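This report concerns only the one structure given below.
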Amino acid sequence: METIKSYVQQHKDRFINELIELLKIPSVSADTAYIQDIIDTANAVKESLEKAGCDIVEICDTPGNPIVYGEKIIDPLLPTILVYGHYDVQPADPIRLWTSPPFEPVIKKTEIHPEGAIFARGACDDKGQMYMHVKALEYMVQSNTLPCNVKFMIEGEEEIGSKSLSWFVERNQEKLKNDVILISDTGMISNQQPSITTGLRGLSYVEVEVTGPNRDLHSGLYGGAVANPINILAKMIASLHDENNHITIPGFYDKVEELSLAERAEMAKAPFNLETYKNALDLNDVYGEKGYTTNERNSIRPTLDVNGIWGGYTGEGAKTVIASQAFAKISMRLVPNQDWEEITELFTKHFISIAPAGVKVKVKPHHGGQGYVTPTDSIGYKAANKAYTETFGVPAIPVRSGGSIPIVALFEKELKSKTILMGFGLDSDAIHSPNEHFGIFNYLKGIETIPLFYKYFVELSK
Ligand code: BES
Ligand code: MN
Ligand code: MN
């Protein structure tokens, strides 16, 4: 019988071309101007699942973007794997920083991807990683090796908070029943060292608005006599961290789970080179919370970051003006046990309390989600590790990631099952940045590794 390795070798050009077609559709969820592209992408995903061998595939309407659901049930007594992924992508801007247009995929070689990488928005996050699962199913169906039942749930709002997916999951518990949830929407350490993501951070995302005078003012006539909302906003934001880069919001750290020294020592074993890290980002030094390493700062510690700030005159030349309003978008990455709604409330209360009387402040919550940690002794984790070990030749290392997939915590709550995060992207793949790409090596390795997860998951479940 044909092995997955030879099947991938034989069909790789088609696999790459199919992904390229999917990447051409600009399914940006943040901007409603792309709604038709969202629908087109959902339809393309539906078609691909039908072709791969799902028995039922449907586009499920929601209050927002459609969800693609597919399944192949071969025997109700066998385990069921639920594959989750997202077909929506981040906005491509700033477009001028792309070396090729974001929705005209091209293959280019890089230092890290000598065999080439597909450059396009969504290549790694998450169309490329999601499509590996479609192709893995195709192989298992073609070779008659699908060892269990499979369900697919591919959504179109992950990048904007998965609101409709929460709605959908709450209403479809029976339909979505499964033994394990499998997701490829994270990364791994390197192409030589696979890793399995055992934790995700939670998120609270807010927008703040500071209003001073009721109109923009001449900065000479009024400057110095009224509160300038931009000055005030900058000052308020700066006060949210102290000199040790601890966050100053009262109660913010109350529920933070502190790792033991032994756990931190275990974490420190993962390969990491600070010089390489700095060089890759053109940084003279790293920066962050006192008392923690870079890897700890971006995974087991909570953060507060301004994602965007605006107000006043930003056009060409100089305009002497005191703006009436200033705005900022702020995200807080949270760790297990911090509740995102509680943190949003703490932020709101604190931010309003530090505003001087000369301005009015509004805080608008956007979205959020809880963090997630998964044990390494589950059947799912063991199966994933066996699969990686077989295709990479070395066992995977457990790693807690700094990113968020808020829906994962909801899956556990509503569907009562564990999620296994089998990611194949690299940090250098520039997800959310200009020139996002996904290595051909990674794409094909993913397709090779996934069927082994199925095999070992079923074997270990017996
Ligand atoms: N796939 C990412 C999350 C991710 C990437 C986790 C790499 C771990 C490693 C996902 O699409 C994403 O970008 N999530 C958002 C949160 C969402 C609510 C907008 C994030 O982390 O900013
Ligand atoms: Mn993603
Ligand atoms: Mn993303």
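Take Thr80 and decide whether it is hydroxyl-bearing (Ser, Thr, Tyr), touching a Cys at 6+ places or on another chain (Cβ under 8 Å), farther than 18 Å from Ile16 by Cβ and surrounded by 15 or more Cβ atoms within 10 Å (Cβ to Cβ). Taking the combined requirement at face value, the residue satisfies it. The listed residues are Glu258, Glu275, and the only one of them that is closer than 23 Å to Leu334 by Cβ and loosely packed, with under 14 Cβ neighbours inside 10 Å turns out to be Glu258. When you scan the range 128-138, do you find a residue that is away from ligand 1 (no atom under 16 Å from the Cβ), among the charged types (D, E, K, R), surrounded by fewer than 24 Cβ atoms within 10 Å (Cβ to Cβ) and in the same structural domain as Leu82 (by TED's automatic domain parsing), even just one? Yes: the range 128-138 contains one or more residues that are away from ligand 1 (no atom under 16 Å from the Cβ), among the charged types (D, E, K, R), surrounded by fewer than 24 Cβ atoms within 10 Å (Cβ to Cβ) and in the same structural domain as Leu82 (by TED's automatic domain parsing).
Can you tell me which residue within the range 422-445, out of those that are part of a loop (DSSP other than H, G, I, E, B) and within 14 Å of ligand 3 (Cβ to nearest atom), is farthest from Gly369 (Cα to Cα)?
The qualifying residue farthest from Gly369 (Cα to Cα) is Glu436.
Test Ser164 against the criterion of being within 23 Å of Pro63 (Cβ to Cβ), away from ligand 3 (no atom under 16 Å from the Cβ), touching a residue at least 24 places away in the same chain (Cβ under 8 Å) and surrounded by fewer than 24 Cβ atoms within 10 Å (Cβ to Cβ), and give yes or no. So Ser164 fits the description; yes. Of Lys360, Lys290, all but one fail to be modelled with pLDDT of 95 or more, in the same structural domain as Asn244 (by TED's automatic domain parsing) and among the charged types (D, E, K, R); the exception is Lys360. Inside the range 184-200, residues that are within 18 Å of Ile379 (Cα to Cα), within 10 Å of ligand 1 (Cβ to nearest atom) and in a strand (DSSP E or B) make up a count of 2.
Scoring Thr145 on the criteria (1) modelled with pLDDT of 95 or more; (2) within 16 Å of ligand 3 (Cβ to nearest atom) leaves a single failure, condition (2). Considering Ile330, Ile300, the condition of being away from ligand 2 (no atom under 16 Å from the Cβ), assigned to a loop (DSSP other than H, G, I, E, B) and closer than 20 Å to Gln370 by Cα is satisfied by Ile300 alone. Among the residues of the range 287-303, those identified as in contact (Cβ under 8 Å) with a residue 24 or more places away in the chain, over 18 Å from the mean Cα position of the chain (by Cα) and on the phi < 0 side of the Ramachandran plot are Tyr287, Glu289, Lys290, Thr293, Glu296.
A single entry from Ile196, Ile189 fulfils the requirement of being buried (at least 22 other Cβ atoms within 10 Å of the Cβ), modelled with pLDDT of 95 or more and away from ligand 3 (no atom under 16 Å from the Cβ): Ile196. Restricting Asp40, Asp93, Asp75 to residues that are among the acidic types (Asp, Glu) and either touching a helix residue (DSSP H, G or I) at 6+ places or on another chain (Cβ under 9 Å) or under 21 Å from Phe168 (Cα atoms) (or both) narrows the list to Asp40. Say whether the condition of being closer than 19 Å to Tyr253 by Cβ, without any contact (Cβ under 8 Å) to a residue 40 or more places away in the chain, surrounded by fewer than 13 Cβ atoms within 10 Å (Cβ to Cβ) and assigned by TED's automatic domain parsing to the domain that holds Asn244 is met by at least one residue in the range 346-353. Checked against the condition, which is being closer than 19 Å to Tyr253 by Cβ, without any contact (Cβ under 8 Å) to a residue 40 or more places away in the chain, surrounded by fewer than 13 Cβ atoms within 10 Å (Cβ to Cβ) and assigned by TED's automatic domain parsing to the domain that holds Asn244, the range 346-353 yields at least one hit.
The values are calculated or read from the model by the stated rules, or taken from the named source; none is laboratory data. Note that the structure is a prediction, hence the values are computed from the model and not measured. Backbone-built Cβ (ideal geometry, glycine too); neighbour counts: all protein chains shown.
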